[in-house]
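One structure below.
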Amino acid sequence: MGDSEIHKDRMAAKYGIWFFLFTEILFFGGMFLLYSIFRYRNAGAFHIAAAQEDLLLGSINTAVLLTSSFFIASAISAVKRGNNRLAILLQGLTVLLGAVFLVIKYFEWMEKIVRGIYPNSPVLLKLSSGEVLFFGLYYVMTGIHGLHVFIGITVISFMIYFTATGNITRKDYAKLENTGLYWHFVDIVWIYLFPLFYLIT
Amino acid sequence: MEDNASREPYYVNRGKYRGILSWLMSTDHKRIGIQYLIALLTFFWIGVLLGLLIRLSLIMPGKILSQGTYNQVFSVHGIIMIFLFIIPGIPVAFGNFFLPIMIGARDVAFPRLNRFAWWLYLTGAALVALSLFVSGGAPDTGWTFYAPYSIRTQANITMAVSGVFVLGFSSILTGLNFVTTIHRLRAPGMTWFRLPMFVWTVYATGWVQMLATPVLAITLVFIILGRVFGVGFFDPSKGGDPILYEHLFWTYSHPAVYIMVLPAMGVISEVIPVFARKTIFGYKAVAFSAVGIASVGYFVWGHHMFTSGMSDTARIIFSFITFLVAVPSGIKIFNWVATLYKGSIVLDSPLIFALSFIFLFSIGGLTGLIIGALAPNLHLHGTYFIVGHFHYVMFGGAGFAILAALHYWFPKMTGKMYNERPAKIGWLILFVGFNLLYFSMFVLGYEGMPRRYFDYPPEYYTGHLISTIGSWILATGLIIIFTNLIRSAFKGQEAPMNPWGGRGLEWTIPSPPPEENFEEIPVIDKAPYRMDG
Amino acid sequence: MGKEQTGTEEHIVSYSTYAYVWLALLVLLGATIAAARIEFSRYSVLINLLIATVKALLVVVFFMHMKYEKRFLRGLLIMSLLTLGSIIALTFSDVWYR
């Protein structure tokens with residue numbers, strides 16, 4: 001049946017992506033559940049461990065992601081107005097900021113790993129179990145979030161290509177819109193990760 | 001596009017691919033459904049063979065399987081039967097084939113996503129299969145992968161768990177696809193309360209797949225991270241808590257019970273009105289009870305953990321909510337019986353399987369009440385009583401519904417009729433074997449025989465022997481049933497368009513259906529199951 | 001008709017609306033950092049999470065167009081969040097009292 005053009009239905013595409021985001025809510029929800037339980041049991045240790053996080057880098061990264069969300073939202077408005085060149089520019093900026101986020105994240109991780117703080121490390125296992133859990137959660141949650149950022153960057157890069165080749169137009173922009181929704185979701189996850197790991201000192 | 005759509009059966013080759021590729025690359029929901037069905041039944045038979053091996057080993061412990069191998073065999077039996085057969089089960093095979101037809105659509109909402117989910121299923125299955133043979137050995141944790149053992153064992157859990165993760169992703173995408181399809185692609189006039197009951201249950205199941213499976217996914221990720229990187233969320237020596245694993249696991253795996261059983265109930269609701277020649281009793285009650293089961297099903301997982309060391313408060317809360325599930329389940333049973341009442345019953349094999357579903361599922365459900373109550377659970381938890389209970393629900397429930405669906409929709413899917421006599425003989429043998437096999441487990445469990453044990457004191461021998469003999473009888477019945485079906489698929493008589501006198505849309509198109517199902521999208525102007533014409 | 005109406009599909013949000021939302025988000029980011037640095041003691045976590053929720057709402061309502069969607073989709077979103085909430089609450093019925 002080939003491409004099944006007959007079923008092209010933007011509303012269905014929108015339902016599809018939102019349903020997918022619902023599953024993502026539950027996926028990250030499992031992690032937030034563990035976080036809340038472990039923090040409830042080890043409030044003091046979480047307090048101490050969070051002091052080791054770099055608040056400046058975390059804040060910059062938050063601003064970076066918020067701004068990237070602004071760009072991709074505007075890119076969709078640009079496409080709807082038929083301004084594909086502006087849309088490409090805005091998506092490019094989004095990808096750039098996503099990359100900046102990952103680079104900063106990399107330095108944050110490396111700085112800790114160099115100090116010997118990573119899961120199952122001898123240094124870490126000497127700390128209290130609350131701190132072990134904190135850093136375990138830190139690596140797992142920011143790691144899986146980072147993976148989502150990486151996937152987002154990849155998908156948006158494809159969208160830039162589609163916008164440039166005229167696959168995405170003011171009449172047919174469902175792909176880009178759905179990508180935007182995914183990117184905003186990833187942003188929201190970070191909005192919660194930021195206070196939970198950087199601000200509970 | 002619609003003009004040149006061929007009216008030949010869906011399995012006649014068109015398009016650029018040939019041979020097996022013409023199936024693997026197809027986005028036709030019917031081809032995908034048939035492929036799923038073949039894969040599912042293959043895994044079912046592997047699971048059956050492993051089950052027979054377990055039973056055989058139990059009447060002569062140590063003679064056939066060593067202790068370690070026994071652990072692996074029952075684990076792999078569980079993993080295959082649960083994750084590869086019965087969870088995908090009815091939705092991916094019969095849902096794919098019939099859901100679009102029943103709502104008057106040409107395909108699902110996202111045909112290519114559907115094909116992708118099928119590939120994911122194959123990938124997940126391959127990973128699980130591979131984990132049996134690569135270094136470390138087959139999983140020996142049971143299908144539940146309980147931590148901390150699953151994090152410490154030498155067996156190759158990482159790969160098996162990755163496989164289950166991929167299968168879960170496939171399941172999410174299937175659920176997402178079906179829910180969107182039901183929202184967007186219903187034919188004109190197909191209002192929510194004109195939907196066939198099977199569609200309602202697949203809809204409710206789709207939501208459970210979307211909102212529960214991610215919790216399993218993240219739990220499995222924790223297991224993998226625990227094994228590969230030593231992250232110790234479930235490891236007490238690192239401040240973790242193994243009971244949290246059980247919470248997260250059952251947060252998915254209890255709703256998963258409804259992923260298995262809800263569509264089964266849908267099948268039964270399709271079969272009974274047709275063979276009772278009566279419209280379904282209490283349409284809205286049956287429809288809403290499906291949604292009710294799906295929603296309450298999220299909040300009862302704790303009853304799998306009464307003996308885990310969970311708090312008393314939680315045990316009481318979970319035990320209480322568990323009883324609530326019995327209400328919508330009871331509504332369904334009563335409505336089916338009421339549908340049969342004063343009907344002109346035609347006792348063909350689909351109905352026979354459906355009736356056995358009601359009988360066996362009721363036993364499974366009622367024993368579920370016994371172990372859902374906190375006090376008796378403490379006595380029965382971790383015994384063969386549990387094993388008997390969930391085999392009555394899973395095999396007696398979902399399994400018999402699959403057999404009912406196979407017989408009911410066989411003429412539509414293959415265009416051939418099966419032989420009625422061997423089907424009935426096979427059913428009789430299966431039914432007798434089933435009850436011998438699993439009812440003796442209730443007795444064994446009540447007497448205190450723990451599940452998953454390799455050996456036992458001599459007083460349990462008689463029970464185990466009866467159970468094992470039952471397993472042979474059950475297998476004989478299955479062989480007769482499936483030989484009959486396979487033979488008929490090739491040599492059966494041509495099936496008419498509507499062999500049973502059903503009123504659903506699937507009976508208004510040729511058997512087997514052509515590509516894109518409908519020449520013209522039908523317009524629906526009346527409720528389903530209207531037998532008066 | 002069985003199908004849901006397509007809603008206000010063609011709505012184009014102006015760049016300035018997005019810019020205002022973006023500015024509000026940055027202001028809230030500043031606020032949450034300030035709230036954490038000033039010793040609010042036991043309330044600071046709660047305040048930080050509240051601010052995070054306001055930020056998330058801004059993103060959902062404006063960037064993700066929830067404002068322009070039908071009630072139906074909003075209802076489903078709330079249902080998913082309630083599901084997660086119930087799962088967390090029921091787990092805590094164990095964690096709190098163990």
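Could you work out how far the C-alpha centroid of the stretch B:361-413 sits from that of the stretch B:246-261, in angstrom?
Using only Cα atoms, the two centres lie 15 Å from each other.
Mind sorting B:174, B:27 by how few other Cβ atoms lie within 10 Å of their own Cβ, fewest first? Kindly include the intermediate steps, with their values, before the conclusion.
Working: B:174 30, B:27 22.
So the ranking, lowest neighbour count to highest, is B:27, B:174.
For residue B:112 and residue B:192 in one chain, what is 0.36 nm times their gap in residues minus the Cα-Cα distance, to one decimal in nm?
Extra length available between residue B:112 and residue B:192 comes to 26.2 nm.
Given points 7 Å out from each Cα along the Cα-Cβ axis, report the residue B:344 to residue B:520 separation in nanometres with one decimal.
Going by the 7 Å Cα→Cβ label model, 3.1 nm.
Applying 1/(1 + (r/R0)^6) with R0 = 25 Å to the Cβ-Cβ distance of residue A:52 and residue B:229, what FRET efficiency is obtained, to the nearest 0.05?
Numbers: r = 19 Å, r/R0 = 0.77.
For residue A:52 and residue B:229, the calculated efficiency is 0.85.
Could you list A:133, C:84, A:147, C:76 in order of exposure, starting from the residue whose Cβ has the fewest other Cβ atoms within 10 Å? Don't skip to the answer; put the middle values down first.
Values: A:133 28, C:84 21, A:147 12, C:76 17.
Listing A:133, C:84, A:147, C:76 from fewest to most nearby Cβ atoms yields A:147, C:76, C:84, A:133.
For q values of 0.18, 0.20, 0.23 Å⁻¹, compute log₁₀ I(q)/I(0) with the Debye formula on a Cα-only model of chain C, without solvent.
The Cα Debye sum returns log10 ratios of -1.02, -1.08, -1.16.
Distance cut-off 19 Å, Cα to Cα: go down the list B:284/B:526; B:278/B:416; A:14/C:67; A:175/B:30; B:412/B:526; A:14/C:55 and report the pairs above it.
The answer is B:278/B:416; A:175/B:30; B:412/B:526; A:14/C:55.
Tell me, what is the FRET efficiency for residue C:11 and residue A:169 to the nearest 0.05, using R0 = 25 angstrom and their Cβ-Cβ distance as r?
With a Förster radius of 25 Å, E is 0.90.
Ignore the peptide's own chain and count Cβ atoms of other chains within 10 Å of each Cβ in A:71-77; give me the average, rounded.
Values: counts 2, 2, 11, 8, 0, 5, 7.
Average neighbour count from other chains, rounded to a whole number: 5.
Taking only C-alpha pairs under 8 Å that are 6+ residues apart, what is the relative contact order of chain B in percent?
17 percent.
Would you calculate the separation in nanometres between label points at residue C:37 and residue B:237, each defined as 7 Å from the Cα along the Cα-to-beta-carbon direction?
My value for the distance between the label points is 4.3 nm.
What does the net charge come to around residue B:512 if you take all other residues with beta carbon closer than 14 Å to its beta carbon, with K and R at +1 and D and E at -1?
Net charge around residue B:512: -1.
For a paramagnetic label modelled at 7 Å from the Cα of residue B:465 toward its Cβ, which residues of the stretch B:422-437 fall within the zone defined by backbone nitrogen distances under 15 Å?
Counting backbone N atoms under 15 Å from the label point, the list is empty.
Given N residues in chain B, what is Rg(Cα) / (2.2 N^0.38 Å)? Don't jump to the answer; show the numbers that get you there.
On the way: Rg = 22.7 Å, N = 533, 2.2 N^0.38 = 23.9 Å.
Cα Rg divided by the expected 2.2 N^0.38 Å: 0.95.
Kindly state, to the nearest 0.05, the FRET efficiency for residue B:359 paired with residue A:86, given R0 = 60 Å and r defined as their beta-carbon distance.
It comes to 0.35.
Once fully extended, how much extra length lies between residue B:119 and residue B:489, figured as 0.36 nm per residue of separation less the alpha-carbon to alpha-carbon distance?
Computed gain between residue B:119 and residue B:489 is 130.7 nm.
Straight distance only, please: which lysines reach the Cα of residue B:238 with their own Cα at less than 28 Å, same-chain residues fewer than 8 apart left out?
Counting by Cα, and skipping residues close in sequence, residue B:238 has these lysines nearby: A:105, A:112, A:126.
Taking the Cα centroid of the stretch B:427-480 and of the stretch B:263-281, what is the distance between the two, rounded to the nearest whole Å?
Answer, in whole Å: 31.
Between the stretch B:177-193 and the stretch A:97-139, what is the separation of their alpha carbon centroids in Å?
The distance from the Cα centre of the stretch B:177-193 to that of the stretch A:97-139 comes to 48 Å.
In the stretch A:39-79, if every C-alpha pair distance is counted and binned at 10 Å from zero, what percent goes to each bin?
25, 26, 25, 17, 8
Amide H to amide H, which residues 5 or more places from residue B:416 or on other chains are under 5 Å from it, using H placed in the peptide plane?
Correct list: B:495.
Test of understanding: what is the full-extension gain from residue B:417 to residue B:59, defined as 0.36 nm times their sequence separation minus their Cα-Cα distance?
124.9 nm
When each pair of different Cα atoms in the protein assembly as shown is counted once in the 1/r mean, what is the Kirkwood radius in angstroms, to one decimal? Walk me through the numbers on the way to the answer.
On the way: mean 1/r = 0.0353 Å⁻¹.
Here the Kirkwood hydrodynamic radius works out to 28.3 Å.
Averaged over every viewing direction, what's the projected area of the C-alpha convex hull for the stretch C:14-64? Give it in nm², one decimal, please.
For the stretch C:14-64, the mean projected area of the Cα convex hull comes to 3.2 nm².
Taking H placed 1.01 Å from N in the peptide plane, check which residues at least 5 places from residue B:383 or on another chain put their amide H under 5 Å from its amide H.
Amide H neighbours of residue B:383: B:451.
Could you tally the net charge around residue B:109, taking each other residue with its Cβ under 9 Å from the Cβ of residue B:109, Lys/Arg +1 and Asp/Glu -1?
With Lys, Arg at +1 and Asp, Glu at -1, the neighbours total -1.
In deg cm²/dmol and to the nearest 500, what is the mean residue ellipticity at 222 nm of chain B if only DSSP H runs of at least 4 residues count, each as -39500 (n - 2.57), divided by the residue total?
For chain B, the value works out to -21500 deg cm²/dmol.
Could you tell me how many cubic angstrom of Cα convex hull volume the stretch B:475-516 has per residue?
Taking the convex hull of the Cα positions in the stretch B:475-516, it is 110 Å³ per residue.
Report the Rg/Rh value for the stretch B:1-160, based on alpha-carbon coordinates and the Kirkwood definition of Rh.
So for the stretch B:1-160, dividing Rg by the Kirkwood Rh gives 1.10.
For the stretch A:11-198, count all C-alpha to C-alpha pairs, find those more than 25 Å apart, and express that count as a whole percent of the total. The partial results should precede the final answer.
Working: 7202 of 17578 pairs.
Pairs farther apart than 25 Å: 41 percent.
Within 10 Å of each residue's Cβ, count the other Cβ atoms and sort B:352, B:32 from fewest upward.
Sorted ascending by nearby Cβ count, the order is B:352, B:32.
Using only Cα atoms, find the angle between the long axis of helix B:349-372 and the longest principal axis of chain B, and express it within 0 to 90 degrees, rounded to the nearest 10.
30 degrees
Read-outs: derived from the displayed coordinates by stated rules, not from any lab. No experiment lies behind these values; they were computed from the predicted model shown. Backbone-built Cβ (ideal geometry, glycine too); neighbour counts: all protein chains shown.
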